[in-house]
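To keep things clear, I will list the structure first and then write my remarks on it.
What follows draws every value from the coordinates through simple rules; no lab data is involved. Given the structure is predicted, the values throughout are model-derived calculations rather than measurements. All Cβ positions, glycine included, derive from the backbone under ideal geometry; neighbour counts span all protein chains shown.
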Amino acid sequence: MQIYKAPYIYSDGAFLENHALVEDRGVIQDILPISKLKPTDSTVIECEDLILLPGTINTHNHSFQSLVRGFSDDRSFSEWRDQGIYKFSKLLDQNGIYTGALFAFYEMILNGVTTVCDFFYIHDGGNQNARAVIQAAHDVGIRLVLARCLYDWKGAPSQYQESVSQAKKNCLSLIDEVGQNSMCRVYPAPHSLHGASQAMIEAGMEIAREKNSYLHMHIAEAKYEVEQVKKKYGKTPLKFLNHIGACSDRLVGVHCVWIDDEEVELMAEKQVKLSYNPASNMYLGDGVTPILKLLKRNVIVGLGTDGACSNNRTSVFDEMRTCSLLQKLTHLDGAVCPAETSFKMGTENGGKILGIPTGVLKPGNYCDFVGIRVSDISLLPFKTENLVKNIVYAMSPRAIDTVVVQGREVVKNGYHVSLSPREVYEKVQNVTRGWK
Ligand SMILES: [Zn+2]
């Protein structure tokens, strides 16, 4: 049992002053005024000068893409993909995949991400590469949801492709191998309507039903996909997915940029959740997801950074800022999508989307938090009434001092407790040496 004493703890929409967070075996037991603490043998950790916030949740990422950052910027989508992701992912062996994931998760945890969903698709026909990603998350100390991709589009590099039966068998066996693990879960993830055939999507649906799990899928990211899907299936993407029975509270749609009003209704009715990736959508010139309409209909919207070669940052705090700014610009109204809405998306809603009790500091949830410095210059003038606004719009990543995942301190004084930046630098440089 550990007790964290702090001048401010964000819980239930308010900053509680001079409170203590009581943790046992990775789970929050209580949050109470410091004055009510009893003399106890438990370890008391003084978080002087810190504000404790729920850890942020990155609902969508492709970890290996961190290695491709900076190699394929400022191009059209197909050039960006072919000259960046496709070209360099062919050079990755298991060590390269491990290094990419270690690098991505390391940067994320320094940015305050405590749980990440990694949508992973370089399988080489088996699960050995996915295991390397799981190992990297373990070594960094971040909680991982591995969205194991199911991919059978013949136009992609052969490393991504599997037959339907092979993908299903591999995905099921990885789910069984990982089992009930509080730091790692595996969900099936048919890539998209262009990356997965109908049979592959149906295989993913079967796995999700059998294992009672979520189903992640890229949906209607770029405008061209809608035309392509209409031509192939005679329906728009979400309507087609509903037609084959995929729309339910298990489905997490990633992006959903090009959806019409009927599809907004469909998501609301079927309780489909959204992983919203505003910076990536802007970066690739995709468009603006109608999140205000979705929020109005109570669709659960969480935030994702997407891969680090289409953002190119890996901070959910940064996505909160981008999310609010983009909606204000789109609607020509500075009053829409306030900081509190985006903050909730990057924390509480992320937990709901991944089905993990985290994202809110309250008893029963995992003890996942970020400690930011009260005195950081980017949070001034310091007033609790404005604090969420300053965190979303003004905070520098420099303010992040401490990150705790499931009761374990992973970042302290702004540095990872066991991995040095130099070690990560050398690993990344070794893998990408000679890349052009
Ligand atoms: Zn993606």
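Note the angle between two axes, namely the Cα long axis of helix 94-110 and the longest principal axis of the Cα atoms of the chain, as a number of degrees from 0 to 90, rounded to the nearest 10.
In the chain, helix 94-110 runs at an angle near 40 degrees to the longest axis.
Dipole of the range 87-176, Cα-centred, from +1 at each Lys and Arg C-beta and -1 at each Asp and Glu C-beta, to the nearest 20 debye? Intermediate values should be presented prior to the final figure.
Numbers: 8 positive and 8 negative charges, 40 e Å.
Dipole of the range 87-176, to the nearest 20 debye: 200 debye.
Among DSSP beta bridges whose residues both lie in the range 56-354, state the antiparallel percentage, nearest 5.
Numbers: 1 of 29 bridges.
The answer is about 5 percent antiparallel.
Taking the range 56-354 as the region of interest, what is the percent of Cα-Cα pairs per 5 angstrom bin, listed from the shortest bin to the one with the maximum distance?
With 5 Å bins starting at 0, P(r) equals 1, 6, 13, 18, 21, 19, 14, 7, 2, 0, 0.
Given Cα positions, please report Rg to Rh for the range 214-262, the hydrodynamic radius being the Kirkwood one. It would help to have the intermediate numbers written out before the result.
Working: Rg = 10.2 Å, Rh = 10.9 Å.
Rg/Rh: 0.94.
What pairs from 328/389; 296/344; 211/296; 270/362 go past 24 Å between their alpha carbons? Show your work: numbers first, answer last.
Values: 328/389 15 Å; 296/344 15 Å; 211/296 31 Å; 270/362 28 Å.
Going by Cα-Cα distance, 211/296; 270/362 fall outside the 24 Å limit.
What is the percent of Cα-Cα separations in the range 260-405 that go past 19 Å? Before the final figure, lay out each step's value.
On the way: 5969 of 10585 pairs.
Above the 19 Å cut-off, the range 260-405 has 56 percent of its Cα pairs.
Cα extents of the range 33-105 along the three principal axes, largest first, in whole Å?
62, 27, 19
Would you be so kind as to identify which of 103, 256, 347 lies farthest towards the positive end of the dipole of the range 56-354, taking Lys and Arg as +1 and Asp and Glu as -1 on Cβ and the Cα centre as origin?
Farthest along the dipole direction, towards plus: 256.
Treating the beta-carbon of each Lys and Arg as +1 and of each Asp and Glu as -1, no other charges, what is the dipole magnitude of the chain about its Cα centre, to the nearest 20 debye?
Details: 46 positive and 49 negative charges, 110 e Å.
So the magnitude is around 520 debye.
Report, largest value first, the span of the C-alpha coordinates of the range 94-147 along each principal axis, in whole Å.
If we take the Cα atoms of the range 94-147, the spans are 33, 19, 14 Å.
Helix 128-140: angle to the longest alpha-carbon principal axis of the chain, degrees 0 to 90, nearest 10?
Here the helix axis deviates by roughly 10 degrees.
Where does the chain land at 222 nm, in deg cm²/dmol rounded to the nearest 500, when only DSSP H runs of n ≥ 4 count, each adding -39500 (n - 2.57), divided by all residues?
Details: 15 runs with 153 residues, N = 436.
Computed ellipticity for the chain at 222 nm equals -10500 deg cm²/dmol.
Give me the Å³ per residue figure for the convex hull around the C-alpha atoms of the range 114-195. Spell out each step's value before the answer.
Details: hull volume 6.7 nm³, N = 82.
Looking at the range 114-195, the number lands at 81 Å³ per residue.
Can you spot the aspartates and glutamates whose alpha carbon is less than 18 Å from residue 273's alpha carbon? Ignore those fewer than 8 places along the same chain.
118, 221, 249, 260, 261, 262, 263, 265, 306, 319, 348
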